1. Take the residues of segment 26-40 that are surrounded by fewer than 14 Cβ atoms within 10 Å (Cβ to Cβ) and out of contact with any strand residue (DSSP E or B) (no Cβ under 7 Å at 6 or more places or on another chain): which is modelled with the lowest pLDDT?
2. Could you list, in sequence order, all residues of segment 41-60 that are more than 15 Å from LEU5 (Cα to Cα) and either loosely packed, with under 14 Cβ neighbours inside 10 Å or more than 10 Å from the chain's Cα centre (by Cα) (or both)?
3. Report, by residue number, each residue of segment 12-25 that is surrounded by 12 or more Cβ atoms within 10 Å (Cβ to Cβ) and either without any contact (Cβ under 8 Å) to a residue 24 or more places away in the chain or over 18 Å from ASP60 (Cβ atoms) (or both).
4. Restricting to segment 26-40, give me the number of residues that are within 9 Å of the chain's Cα centre (by Cα) and without any contact (Cβ under 8 Å) to a residue 12 or more places away in the chain.
5. Name every residue in segment 26-47 that is farther than 17 Å from TYR61 by Cα, touching a helix residue (DSSP H, G or I) at 6+ places or on another chain (Cβ under 8 Å) and of a type in the set (A, V, I, L, M, F, W, C), in order of residue number.
Amino acid sequence: MDQGLNALLEPGMMVRHPIEADWGLGQVQSNIGTRITVNFEHRGKVVIDGRQVALVRVFDY
């Protein structure tokens, strides 16, 4: 899987993990190459491989 829409994520954008709903809302900290660092409400800072996980952008939070 390529990075797809994850490539458009920028620091400050809000996202959710498509499988780990209990992590809560996350804020993108950085997006470098295929590595996306997100700070989630209930999980803390996580580095996501954008080739493996398609994060879901949240517009209304």
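1. Here the residue is GLY33.
2. Residues satisfying the conditions are GLU41, HIS42, ARG43, GLY44, LYS45, VAL47, ASP60.
3. GLU20, TRP23, GLY24 - these are the residues of segment 12-25 that are surrounded by 12 or more Cβ atoms within 10 Å (Cβ to Cβ) and either without any contact (Cβ under 8 Å) to a residue 24 or more places away in the chain or over 18 Å from ASP60 (Cβ atoms) (or both).
4. Number of matching residues: 1.
5. ILE36, VAL46 - these are the residues of segment 26-47 that are farther than 17 Å from TYR61 by Cα, touching a helix residue (DSSP H, G or I) at 6+ places or on another chain (Cβ under 8 Å) and of a type in the set (A, V, I, L, M, F, W, C).
The values are calculated or read from the model by the stated rules, or taken from the named source; none is laboratory data. Please read all numbers here as calculations on a predicted model, not as lab measurements. Neighbour counts are summed over all protein chains in view; Cβ atoms, including those assigned to glycine, are modelled from backbone coordinates with ideal geometry.
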